[in-house]
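Here the structure is laid out as structure tokens; the discussion comes afterwards.
The numbers here are math on the coordinates, done by the rules we state, and not lab data. Quick caveat: nothing in here was measured; it's all calculated off a predicted structure. Positions of Cβ are backbone-derived with ideal geometry, glycine not excepted, and every protein chain shown enters the neighbour counts.
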Amino acid sequence: MHNWLRLLPVASCVVLAGTATAQEPVAATYNGTTISVGGGVQLLQLPDIRYTFLSSTRDGAALRTQKNDDFDDYGGVVSGVIETPLGFWGTTPVTGVVSGFFANVEDGDRHSCVSRGNAICTAEDIVDNPNRPDSLVANRFVTKTDRDVDFWGAGAEARIGKVSGPILPRDAGGYLFRLAYVGIGTDLRGIDQEIRLRLDASGAPANPAVRLNDTLDTTYWGGFLSVGGEYNILGYFGIGKGWGLRSLLSLRAGIYNADTDYSGLFRGFGRATRLGLSDDEVAFIGGLSFETRKQFGLRTSLSLVTDYEYFSYAPEMRYVNADRGGCGGGQVDCAGNVTRTHIDDDDAFAVRTMLRLSFGLGSAPLYTEPMK
């Protein structure tokens, strides 16, 4: 779903990057600070959540698992960056970068099941109570789920070899890529989820309504290494001189501790049940960023920025289904798998595309040479 949205930022960056050709240099000052603010679209792909099951025969054999909340959607995002010179390491300039972003992404699904012939609708075991498994058999049930996700991050980085402001070489092109800096940093990330389920059944026993309200919050903290530089496509072939576009890219990779907390409230079958769980894992987060920048004056520039991020760990709830295995219920099925509600994991993927406005502070101009 929404696969075309993933291709749109790539295509935009490639087109703009291809036009990034050399121009007369505009060197950034060493004693200036640059502030950048931006906003755009956040695409977020998280592990699915499986709440209910569709049973094919009256002996309870499962036909298929019903995914009531696959999550692959987009929302708005805002971001900010502050870059300031920290001094020199020998003769190499060192720049400090503080950055952050916040995105909100919502998604919802609605599924229905209707019993036909020997195939019956069964909503099984979505509460952590293996000693009293709950199985709702109905002629028809409808489940509606919603997920509201806050995705955020804040970090600090030291870049060795990069001055504040654009990287603008003083030649007329003739290169494909130039390394500008290497960096080291630390940051804090969060994926905070609110998950709601509403199940209504007809032709079922008393108290057929089921409600499930969950929070599933994961905080990542750790460190990363980065490299960045400028690439030039058409300029390498001597095309488009003077267009005034610059194309930058950066790579980052880090190891993080991932702390997950789950809190759930189940209401149905005439009672309410609460459950709290936690998980602590090690995660890898890798990122790739493309930026195409156009300068509009001595102190301002506008950029199109796209960030791709991969998370090796993202929590995935596995709800109890203790009475499905034909081995008498309990917390282990016939295959020996634990069926008690627990936090499992999968990977996650995120894409941010933003327009970012940058401007310089202080009395010194951000750019020391006139724009071409």
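Observations on the structure shown:
- Neighbourhood charge, 10 Å Cβ-Cβ cut-off, centred on residue 304 and excluding it, Lys, Arg +1 and Asp, Glu -1: +2
- As a proxy for reagent exposure, ranking 113, 121 by other Cβ atoms within 10 Å from fewest up yields 113, 121.
- Efficiency of FRET from Cβ geometry, residue 298 and residue 344, R₀ 56 Å, rounded to 0.05: 0.55
- A simple spin-label model places pseudo-atoms 7 Å from Cα toward Cβ; at residue 150 and residue 194 they are separated by 0.9 nm.
- For residue 37 and residue 186, the FRET efficiency from 1/(1 + (r/R0)^6), where r spans their Cβ atoms and R0 equals 22 Å, is about 0.45.
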